[in-house]
Amino acid sequence: MKNCLLCKSDYEEVKQRLTMRQVVETYGYKVNGKGTCLCPFHNDGHPSMKIYPDNKGFYCFSCGNGGDVIKFVSLLYGITNQEACLKLIEDFALPIKTENLTYREKREREKKIRERKDLEKFTKYAYGILNLYRQLLCEASRNPRNSHFVEAMQQLTIVEYKIDVVKENPQEFYADKKAVRQIGAIRERIINWY
Ligand SMILES: [Zn+2]
């Protein structure tokens with residue numbers, strides 16, 4: 001038995017590193033095209049457990065059990081949340097050191113988690129702004145008399161390129177301060193559109 005202390009950031013890190021679907025399937029429950037699977041927590045005849053994307057967890061519409069990846073494993077094996085968290089770290093060979101962390105290592109880890117959260121938040125925000133801008137430009141590009149027509153001609157492919165970068169390489173995009181500032185400028189354009 002490992003004598004280890006899990007802190008809140010370990011739980012966060014486990015949750016960030018694993019998707020709900022990945023965990024459910026690893027422990028033997030196939031998720032179908034509708035994003036549901038047979039519920040292990042009641043006698044389920046047809047899939048009534050919803051597996052949510054973006055790490056929003058699971059919920060069974062028949063028995064009402066729900067939660068995150070840790071909760072799922074804790075219910076499935078009848079173990080505590082801490083044991084479930086450790087089990088996930090071991091079963092998925094997550095690079096999370098659970099013993100004898102120095103103060104510095106803890107700080108480092110918390111910093112990394114914070115950075116990842118910031119990146120996630122920014123990506124969602126940037127993606128929303130760029131998509132909306134693209135829609136407005138598309139609309140403007142269909143009518144030469146539209147006051148934004150020239151802008152649409154100039155910007156549409158650029159914006160589409162940016163959307164691709166945000167989707168495929170959010171880290172790089174976020175690290176580019178100029179690109180980040182431009183998102184703010186685009187937001188201003190959208191606000192004053194009509
Ligand atoms: Zn159920």
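Any read-out appearing in this document is the output of simple, stated calculations on the displayed coordinates, not a laboratory observation. Please read these numbers as outputs of a predicted model, since none were measured by experiment. Here the Cβ positions follow ideal geometry from the backbone for every residue, glycine too, while neighbour counts run over all protein chains shown.
Entry remark, the range 11-31: residues being of a type outside the set (V, I, T), within 16 Å of the ligand (Cβ to nearest atom) and touching a Cys at 6+ places or on another chain (Cβ under 9 Å) number 2 in total. Within the range 62-90, the set of residues being part of a loop (DSSP other than H, G, I, E, B) and within 23 Å of the chain's Cα centre (by Cα) comprises N65, D68. For R145, the criteria (1) over 26 Å from K117 (Cβ atoms); (2) in a helix (DSSP H, G or I); (3) of a type outside the set (A, V, I, L, M, F, W, C) hold in every case but one, which is (2). Residues in the range 74-94 that are of a type in the set (A, V, I, L, M) and either within 12 Å of the ligand (Cβ to nearest atom) or surrounded by 15 or more Cβ atoms within 10 Å (Cβ to Cβ) (or both): L75, L76, A84, L86, L88, I89, L94. Comparison of K56, K71, K34 shows that the only residue that is of a type in the set (K, R) and within 14 Å of the ligand (Cβ to nearest atom) is K71. If the condition is being assigned to a loop (DSSP other than H, G, I, E, B), crowded, with 19+ Cβ neighbours inside 10 Å and without any contact (Cβ under 8 Å) to a residue 24 or more places away in the chain, then the range 7-37 contributes Y29, V31. If only residues of the range 38-53 that are hydrophobic (A, V, I, L, M, F, W, C) and assigned to a loop (DSSP other than H, G, I, E, B) are counted, the one that is farthest from the ligand (Cβ to nearest atom) is L38.
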